[in-house]
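Down below is the structure, laid out as C-alpha cells.
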Amino acid sequence: MKYVLGGAFAVAMTASAAFAEEIKPTAVSFVDGTVEQSLTGQAGDPAEGRKVFANRKQGNCLACHTNADLAEESFHGEVGPPMDGVADRWNEAELRGIVTNSKMMFEGTIMPAFYVDKGYERPLEDFAGKSILTAQQVEDVVAYLLTLKEQ
Amino acid sequence: MNLKPWIAVLVAGVAGAASAQDSNTLSIDGEPMVTEVAAPAHVENLDTIYSGWRFRSAETQALETDDFDNPAFVFVDQGIDLFDKVDGTENKACSSCHENVEDFAGLRTQLPRVQDGELVTMENLINDCRTERMGAEPWKWSKGPMTAMTALIGLQSRGMPMNVTIDGEAAPFWEQGKELYYTRVGQLDMSCSNCHEDNYGVMIRADHLSQGQINGFPTYRLKNAKLNSIHGRFKGCMKNIRATPFAEGGDEFKALELYLASRGEGLSVETPSVRN
C-alpha cells in the first residue's frame, strides 16, 4: 500500500514540476504567527483572491467577515472583525500567517486554518489529508487582502 | 469572557443591530412559552439560555404561534393516524395498549434517560414497542413515520420545562456528551461550542446563530419542508464543518443529546417547532 501511494505521489510531483517551489503545508515556517516567504514563489492574483474570499466552497471568508468591497454579495457574517482596511492593520507576512493557520496568531480561534492538511479529527472522507485552500489560493487571498486599504 | 473589540464597535455603532437575540415573547395558541431562562449551574459559560425561536425572523417565528399555521402539524396528523394503525405480527396498534396519547405528557422533558444501564431516547422507546411488543419492523431514526410519532408524543409535553436527569447513572453519559460538545472536529476544526456558545447571536453568513437548543424537536425546517430529528440536525452541523458525522442513534449522538437537553433545562418544550 505504501508503495502505491508513494508512486502516485511521485507522479503528482512531476506533473506539477512548474510549482516545484511550492511549500507543503507541514513545511511552512512561522515566526510569531507570521509567514515571510511566499508559499508558491509566485505573486498572488488579487482578482482570483477576491473570488476565493467569497466562494462558499473555498475561502468562504464572508461567512465570518463583513467586507465592504464585496457589497454585491448578499450575506456577510460577523463572527470575526470586518475586513475593511485590513491591510492598514497587518502587513503581508502577518496576513499570510493568518490565512495559512490563524491559530498561530490567535490562540484558540474559531477561524479555520486554510493551509493545514493534517491534525484535524474525523474529516469527511473527501477532505481527509487536504488543506482547505491550495498554496496558490492562499497567495491569491493574501494579495487580495493587501488591496483592502482605507488610508 | 473573551470580549471582541469589533462587536463592541458594532454595538456602539448601529444600536441594536448586533444584539444577540430579539425580545419577542412566544405564545402558542394563547399558551405562553418560556424562551429565556437563567442558565442552570452545570452550563458553565452561559448566563442565560434562549430557545432557538428567539433567533429566527419574525415571519418564521409567526408560523409557530398558531397550530393552523404551523406546517409541522401535517406530520402530527400523520402521527395520529400511525398511532391507530395496526402493524406487525401481534396485530396491534400503539393505541391497543396506549389508550390515550395524552398519557405521554411530560415524557419529552425527561429524555434521554438511563434505563437498564443504557441511555435511551424517544426513538428507542418507540422502536422497542414496535419490535418487542408489536412484532413490527423498527422505524428508521429520522424518517417520516418516526419523526411524525416523536412530534405527536413530544407535543403532549409542549409548554413543560425541559428537565433531564444528569446525575447518578446518567453522569457518565452526560460527561461523554459534554466532551463531544467541546471537541473540535472536521477539516474546519470546530466544536459545537465554537458556534453555539462562543458566537450565538451573530450572523454566520446567512444564518443567525442560536445556542443550538433542542427543546423544539423534531423541528419543521423551511429549508427541507419536513420534520428533522435531533440526530439529523447534529449530522448536518458536523457535515457543514466537513466532519464525518457519528451514526444517528449511536452512543455518541445519544450522549450529545442528553448533554444538550441539559443545557436547555427550564426552557419550554416547543415541539414541533419551526425553524429555517
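Evaluation of B:Thr147 against the conditions (1) away from every other protein chain (no Cβ under 14 Å); (2) open to solvent by 30 Å² or more (accessible area, probe 1.4 Å); (3) closer than 18 Å to B:Gly236 by Cα shows that the sole unmet condition is (2).
Of the residues that sit in region B:238-252 and are part of a helix (DSSP H, G or I) and closer than 29 Å to A:Ser131 by Cα, which one is least open to solvent (accessible area, probe 1.4 Å)?
Kept after step one, since they are part of a helix (DSSP H, G or I), are these residues of region B:238-252: B:238-240, B:251-252.
With the extra rule that they be closer than 29 Å to A:Ser131 by Cα, the set shrinks to B:238-240, B:252.
Values: B:Met238: 21, B:Lys239: 101, B:Asn240: 117, B:Glu252: 62 Å².
Here the answer is B:Met238.
Which one of these is open to solvent by 10 Å² or more (accessible area, probe 1.4 Å) and small (Gly, Ala, Ser): B:Ala261, B:Ala171, B:Ala255?
Details: B:Ala261 fails: open to solvent by 10 Å² or more (accessible area, probe 1.4 Å); B:Ala255 fails: open to solvent by 10 Å² or more (accessible area, probe 1.4 Å).
Criteria check complete, one pass: B:Ala171.
Name the residue, out of B:Phe83, B:Phe55, that is assigned by TED's automatic domain parsing to the domain that holds B:Asn215, in contact (Cβ under 8 Å) with a residue 60 or more places away in the chain and farther than 25 Å from B:Gln176 by Cα. It is B:Phe55. All conditions in (1) more than 8 Å from chain A (Cβ to nearest Cβ); (2) surrounded by 18 or more Cβ atoms within 10 Å (Cβ to Cβ) hold for B:Val202, with the sole exception of (1). Please indicate, with yes or no, whether at least one residue in region A:103-113 is modelled with pLDDT of 95 or more and in contact with a Leu (Cβ under 8 Å, 6 or more places away or on another chain). Yes. Residues of region B:72-126 that are touching a Ser or Thr at 6+ places or on another chain (Cβ under 7 Å) and basic (Lys, Arg): B:Arg108, B:Arg113. State yes or no: is B:Lys92 among the basic types (Lys, Arg) and more than 26 Å from B:Leu256 (Cα to Cα)? In short, yes.
Against the condition within 9 Å of chain B (Cβ to nearest Cβ) and small (Gly, Ala, Ser), how does A:Ala113 come out, does it pass? The answer is yes for A:Ala113.
Scan B:Asn224, B:Asn228, B:Asn215 and give me the residue that is more than 7 Å from every other protein chain (Cβ to nearest Cβ), free of Cβ contacts under 8 Å to residues at least 24 places away in the same chain and under 22 Å from B:Leu63 (Cβ atoms). Before the answer, list the steps.
Details: B:Asn228 fails: free of Cβ contacts under 8 Å to residues at least 24 places away in the same chain; B:Asn215 fails: free of Cβ contacts under 8 Å to residues at least 24 places away in the same chain.
Matching residue, one of B:Asn224, B:Asn228, B:Asn215: B:Asn224.
Only a single criterion out of (1) away from chain B (no Cβ under 12 Å); (2) among the aromatic types (Phe, Trp, Tyr); (3) open to solvent by 50 Å² or more (accessible area, probe 1.4 Å) is not satisfied by A:Tyr144, namely (3). The residues of region A:1-33 that are modelled with pLDDT of 80 or more and part of a helix (DSSP H, G or I), listed by number, are A:Pro25, A:Thr26, A:Ala27. Condition check for B:Asp29 on (1) at pLDDT below 95; (2) under 16 Å from B:His196 (Cβ atoms): one failure, at (2). Scanning region A:55-84 for residues that are more than 9 Å from chain B (Cβ to nearest Cβ) and of a type in the set (D, E, K, R) gives A:Lys57, A:Asp69, A:Glu72, A:Glu73, A:Asp84. Looking across region B:58-94, the residues that are open to solvent by less than 60 Å² (accessible area, probe 1.4 Å) and of a type in the set (Phe, Trp, Tyr) come down to B:Phe73, B:Phe75, B:Phe83. Looking at B:Lys178, B:Lys235, B:Lys140, just one residue is assigned by TED's automatic domain parsing to the domain that holds B:Asn100 and open to solvent by 20 Å² or more (accessible area, probe 1.4 Å), and that residue is B:Lys140. For region B:36-56, taking the residues that are over 18 Å from the mean Cα position of the chain (by Cα) and modelled with pLDDT of 95 or more, the one that is surrounded by the most Cβ atoms within 10 Å (Cβ to Cβ) is identified as B:Leu46. Scan region B:117-176 residue by residue and report those that are under 18 Å from B:Thr219 (Cα atoms) and among the charged types (D, E, K, R). Scanning region B:117-176 gives B:Glu123, B:Lys140, B:Lys143, B:Arg158. Considered as a group, the residues in region A:34-54 that are part of a loop (DSSP other than H, G, I, E, B) and open to solvent by 60 Å² or more (accessible area, probe 1.4 Å) include one that is farthest from the other protein chains (Cβ to nearest Cβ), and that residue is A:Ala43.
The values are calculated or read from the model by the stated rules, or taken from the named source; none is laboratory data. These figures come from a predicted structure and were not determined experimentally. As a convention, Cβ positions derive from the backbone with ideal geometry for all residues, glycine included, and neighbour counts pool all protein chains shown. Keep in mind that these areas ignore ligands, DNA and RNA; they rest on the heavy atoms of the full protein, side chains included. Shrake-Rupley method; radii C 1.70, N 1.55, O 1.52, S 1.80 Å.
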